[in-house]
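Below: the structure, in structure tokens.
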Amino acid sequence: MAAEVPPDALGRRVACGTDYGTVRYVGSVSRTAGVWLGVEWDDPQRGKHDGSYEGTQYFRCRHPKGGSFIRPNKANFGVDFLTAVKDRYGLNEKQDVHYGTGGTLVFGTKTVEFVGMDSVAEQQRQVQLNKLVDISVRECAVSQAGQEEEINRTCANMRHINLSKNLISSWDTVIAIASQVQNLETLNVSENKMRFPSTSTFTSSAFSNLKILALNQTEITWTEVLLCAQGWPVLEELYLSSNNITVLERPDNVLQTLKLLDLSDNQLLDGNQLHLIAQLPRLEQLILRNTGISSIHFPDAGFGCKTKMFPSLKRLAINDNKISQWSSINELDKLPSLRALQCNNNPLMDTEKNPETLIQLIIAKISQLEVLNNCEILPAERRGAELDYRKIFGKDWLEAGGHWNPEKNKPSEEFLAAHPRYPTLCLKYGAPEEGELKGRQPLTLKNQLLTLTIKCPEKPEQKPVEKKLPESMTIQKVKGLLYRLFKIPGSELKLSYESSKLEGKEVELDNDLKPLQFYSIESGDCVLVRW
């Protein structure tokens, strides 16, 4: 007997084994009997052609081999939401149910949180669905909401729903489910390739309490985001990674409560697209990992001034991009609230042979930064970085018109563009003295590496570590490295060393600005770390 094809099959999402696709054609195929479904597969490797067969084009695919025909009985069109919940949580007589601790029930290996749990003696085989708070039906073939108001009657206390990687074909289906969940706070519908409204429609109250929404890998455009956002009045976190979003638009009167926005793995047209979302008043965290941006610029603010863009932005992730110029790092100092930055895996990171020097330069260039690439920047480390920066570029400053006499101090616009914080650092620490202006030393024979053993006497369980350090490395830079190496809290480090030639004699490394060679440290010596 032939499987029944749903009347709305065209455009529906289907699963065939572990493969997912979208129905693009329903009907007969020449020189064959019966009904076929023409499916465009998410994975083109699953397909055989572009929707044509023996010279006839039945449907079209984005990939030349992304489509194939299957019989309806091979296609899984999915189930309604409540059926998926019951299947996932084993609400049948065969399911092994026992009681956990702290107001939970355990179904096999699955623990489910409950609200206001009454006497467990009353809870026998049947679990009351309306006690469920956090529900995950990921990969459960959910394709529709089911009977109207059935979810509301059955699952009244749900607040967090994971609907990722199902067979949802339309945003309307998501609305139909959410509208029956009165206190919905978190919703994940990622990995559902679905249709979104293309014009402004009636704004549903389904998401009136929604604070966190994940729409990763749903093929949503930014225009569609803004249309749907009219129904997200209190949304705080929005995840939109891997959606082929290339162009942004200004979010007028929507997303005004947003605190976190994830646009990672979308190839934005250019860095100027960010200007269009720069007025979101409460945005604190922006994730731009692998978005293809090569530069960042805030044109409304000059050297040493703060931009009016992104007024609340505290945490920024720009790792895995194409940023190659220090000018983009200079621009980040214009952000008034920036405290944490992730910038690994950019071409800029290859401009310095010594990764420690690179970190020091970034710290010195961004005045309010407290965390860099997930490592805390301690006050002593910042001071050392700023002092080194002031010294390293001192010669350039003098040659560009800088002077110890404030009346004669007129560095060029070109120097200020490259080093916008330099005047501030001179005010903070004083202009560099002539004896300090040594410039940057390349790693040559004069700057040889020392092989040192690092020990923590106060942490005997910490195994000694061997490190190769340049003898010109300052004690301050050594401390910065050790902060990260041992993940020691922010208290002040105290360093000393024991010579391999003078057993039992310990020399204190007490001047942060002096290099290792000042203390006559040699390879084979042991550095002792205390705090």
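The lone criterion from (1) at pLDDT 90 or above; (2) open to solvent by less than 20 Å² (accessible area, probe 1.4 Å) left unmet by K410 is number (2). Listed by first and then second residue, the pairs with beta-carbon distance under 8 Å, at least 6 apart or on different chains, first residue in the stretch 361-387 and within 12 Å of K428 (Cβ to Cβ) and open to solvent by 40 Å² or more (accessible area, probe 1.4 Å), second assigned to a loop (DSSP other than H, G, I, E, B) and charged (D, E, K, R), are R383/D512. Considering the stretch 122-213, the qualifying strands (runs of 3 or more DSSP E), each wholly inside and each with 3 or more residues that are under 28 Å from L260 (Cα atoms), run over 134-136, 160-162, 186-188. Within the stretch 205-224, no residue that is in contact (Cβ under 8 Å) with a residue 60 or more places away in the chain and closer than 17 Å to E237 by Cβ sits with its Cβ atom under 8 Å from a residue that is charged (D, E, K, R) and buried (at least 20 other Cβ atoms within 10 Å of the Cβ) at 6+ positions apart or across chains.
Residues are listed down the side, and each one gets a yes or a no for (1) open to solvent by less than 70 Å² (accessible area, probe 1.4 Å); (2) of a type outside the set (G, A, S); (3) touching a residue at least 60 places away in the same chain (Cβ under 8 Å):
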position	(1), (2), (3)
P7	no, yes, no
G17	no, no, no
G21	yes, no, no
R31	no, yes, no
E40	yes, yes, no
S52	yes, no, no
G55	no, no, no
F69	yes, yes, no
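Checked against (1) open to solvent by 30 Å² or more (accessible area, probe 1.4 Å); (2) within 23 Å of S264 (Cβ to Cβ), S208 passes all but a single condition, namely (2).
The test for being at pLDDT 80 or above and either open to solvent by less than 80 Å² (accessible area, probe 1.4 Å) or within 30 Å of I175 (Cβ to Cβ) (or both) does not hold for S119.
Of all residues in the stretch 127-186, those satisfying the criterion of being open to solvent by less than 20 Å² (accessible area, probe 1.4 Å), out of contact with any Lys or Arg (no Cβ under 9 Å at 6 or more places or on another chain) and among the β-branched types (V, I, T) are V127, V142, I151, I161, V174, I177.
Counted as qualifying within the stretch 332-429 are no helices (runs of 4 or more DSSP H), as none has 1 or more residues that are touching a strand residue (DSSP E or B) at 6+ places or on another chain (Cβ under 9 Å) and at positive phi. Name every residue in the stretch 197-223 that is of a type in the set (F, W, Y) and at pLDDT 95 or above, in order of residue number. Answer for the stretch 197-223, where residues must be of a type in the set (F, W, Y) and at pLDDT 95 or above: F207, W222. Against the definition (under 19 Å from G384 (Cβ atoms) and touching a Ser or Thr at 6+ places or on another chain (Cβ under 8 Å)), how does L509 come out, yes or no? The answer is yes for L509. Total residues in the stretch 475-521 satisfying the condition of being open to solvent by 80 Å² or more (accessible area, probe 1.4 Å) and touching a residue at least 60 places away in the same chain (Cβ under 8 Å): the figure is 2. Flag: N290 matches the condition of being open to solvent by 20 Å² or more (accessible area, probe 1.4 Å) and in a loop (DSSP other than H, G, I, E, B).
Residues that are surrounded by fewer than 18 Cβ atoms within 10 Å (Cβ to Cβ) and aromatic (F, W, Y) within the stretch 388-407 comprise just one, W404. Name the single residue, out of those in the stretch 425-450 being open to solvent by less than 40 Å² (accessible area, probe 1.4 Å) and modelled with pLDDT of 85 or more, that is nearest to I366 (Cα to Cα). Per the stated criteria, the residue is L425.
Scanning the stretch 263-297 for residues that are among the hydroxyl-bearing types (S, T, Y) and touching a strand residue (DSSP E or B) at 6+ places or on another chain (Cβ under 8 Å) yields one hit, S264. Identify all residues within the stretch 301-327 that are farther than 17 Å from I362 by Cα and either β-branched (V, I, T) or at pLDDT below 95 (or both); write none if there are none. Matches in the stretch 301-327: A301, G302, C305, T307.
Among all residues of the stretch 190-206, there is at least one that is assigned by the TED database to the domain that holds V85, within 18 Å of the chain's Cα centre (by Cα) and closer than 28 Å to H275 by Cα.
When we screen L248, L286, L210 for residues that are in the same structural domain as N157 (by the TED database) and under 25 Å from H160 (Cβ atoms), the only hit is L210. Among the residues of this structure, L226 counts as one that is part of a helix (DSSP H, G or I) and at pLDDT 95 or above.
Residues checked against (1) over 26 Å from I377 (Cα atoms); (2) of a type in the set (D, E, K, R):
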position	(1), (2)
Q267	yes, no
L276	yes, no
Q279	yes, no
I287	no, no
N290	no, no
C305	no, no
S312	no, no
D333	no, yes
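The values are calculated or read from the model by the stated rules, or taken from the named source; none is laboratory data. Computed from a predicted structure; not experimentally measured. Neighbour counts run over all protein chains shown; Cβ positions are idealised from the backbone, glycine included. In case anyone asks, the SASA skips ligands and DNA or RNA and just uses the protein heavy atoms, side chains included. Shrake-Rupley method; radii C 1.70, N 1.55, O 1.52, S 1.80 Å.
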